[in-house]
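Here is the structure we will look at, set down as structure tokens.
The values are calculated or read from the model by the stated rules, or taken from the named source; none is laboratory data. Just so it is clear, the structure is predicted and the values come from calculations on it, not from any experiment. Virtual Cβ from ideal backbone geometry, glycine too; neighbours counted across all protein chains shown. Quick note on the areas: whole protein, heavy atoms, side chains included, nothing else; ligands and nucleic acids left out. Shrake-Rupley method; radii C 1.70, N 1.55, O 1.52, S 1.80 Å.
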Amino acid sequence: MFGKELSKGRASFNGKIYYFLFGHAHIGNRVRAFHLRRVLKKLKAPKNILDAGCGDGSYSFYLSRCYSDANIMGVDMDHNLIEECNYIREKTNRKNVKFEIQSLERFYKKNTFDFICCIDVLQYIVEDAAALVNLKNALKDGGALLIHVPILNPKVWIHSISLPIKKVGFVRNGYGVDKLKQTLERNGLNVLFSKKTFGFFGAVARDLSYQVDKVKYIRQVLKLFFAPIFIFMAYLDSVIPVSVGQGILICAKRPKED
């Protein structure tokens, strides 16, 4: 279950119950997690993994369960998040994952990782081009980089609910699919595939979950009631082809040197 480790963190009592029963409460993260799981099935099992911009650590902990023999490193600039991640790591005794405070614009690892995921992070980084170069350099030859970002000029399914960009702290409105592919290829990576995410089911589930969060008195009851429905809609987003969506998922590979 994605995000179940958060029940061992310092969340509220109600939050702990939700995480224990359903995993991660943020439906957007659930959508991205389902896509991540489908990508992992296509890749050779990695031994060294980087979660670039790990946030609350949910992807790092999920990867640590998927690959118990691998070494997972989560990095983020938020001191509080890294502190909480390390707290959960101690509580869960998850020895194959570690967390550090790192800036992706100045990331120093070279030829280290078989797999790097950078999920909804680049839109927050001013020097995103420098971050991409550093992530490419951190890959071993033959290593894979998985990126998810919001798409430029997205289709808005529910106009009154979708959040304005400025409210969530983005430094840019999104990315174009072709331009992002070209950027990765210009940095010496081979794009394996790309797809659009957050089609109707994923976007609507996420936006409706925001509305539930606004309810004052019975919010927790509503979240428990709607959780299975929203999670199922998030799953549908990962299996149904999306022609018009709000996100971009791209997987690229560093070629092996002759």
The range 214-237, subset modelled with pLDDT under 90 and more than 19 Å from residue 20 (Cβ to Cβ), residue surrounded by the most Cβ atoms within 10 Å (Cβ to Cβ): 215
Sole exception among (1) assigned to a helix (DSSP H, G or I); (2) open to solvent by 50 Å² or more (accessible area, probe 1.4 Å) for residue 68, by number: (1)
Identity of the residue in the range 71-88, in a helix (DSSP H, G or I) and more than 21 Å from residue 115 (Cα to Cα), that ends up nearest to the chain's Cα centre (by Cα): 81
Positions within the range 1-13 being in contact with a Gly (Cβ under 7 Å, 6 or more places away or on another chain) and either of a type in the set (S, T, N, Q) or not in a helix (DSSP H, G or I) (or both), in sequence order: 1, 2, 3
Residue list for the range 190-235, filter: free of Cβ contacts under 8 Å to residues at least 40 places away in the same chain and under 19 Å from residue 151 (Cα atoms): 201
Residue match in the range 38-53 (condition: assigned to a loop (DSSP other than H, G, I, E, B), in contact with a Cys (Cβ under 7 Å, 6 or more places away or on another chain) and modelled with pLDDT of 95 or more): yes
Options 81, 36; residue that is in contact with a strand residue (DSSP E or B) (Cβ under 9 Å, 6 or more places away or on another chain), open to solvent by 50 Å² or more (accessible area, probe 1.4 Å) and farther than 20 Å from residue 109 by Cα: 81
Count - residues of the range 129-160 that are open to solvent by 30 Å² or more (accessible area, probe 1.4 Å) and either among the polar types (S, T, N, Q) or within 17 Å of residue 51 (Cβ to Cβ) (or both): 5
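Condition check ((1) within 12 Å of the chain's Cα centre (by Cα); (2) within 18 Å of residue 84 (Cα to Cα)) across all residues:
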{"position": "34", "(1), (2)": "yes, no"}
{"position": "38", "(1), (2)": "no, no"}
{"position": "59", "(1), (2)": "yes, yes"}
{"position": "62", "(1), (2)": "yes, yes"}
Members of the range 179-200 found to be farther than 20 Å from residue 234 by Cβ, open to solvent by 80 Å² or more (accessible area, probe 1.4 Å) and touching a helix residue (DSSP H, G or I) at 6+ places or on another chain (Cβ under 9 Å), listed by number: 190
Test result for residue 16, free of Cβ contacts under 8 Å to residues at least 24 places away in the same chain, in a loop (DSSP other than H, G, I, E, B) and of a type outside the set (Gly, Ala, Ser): no
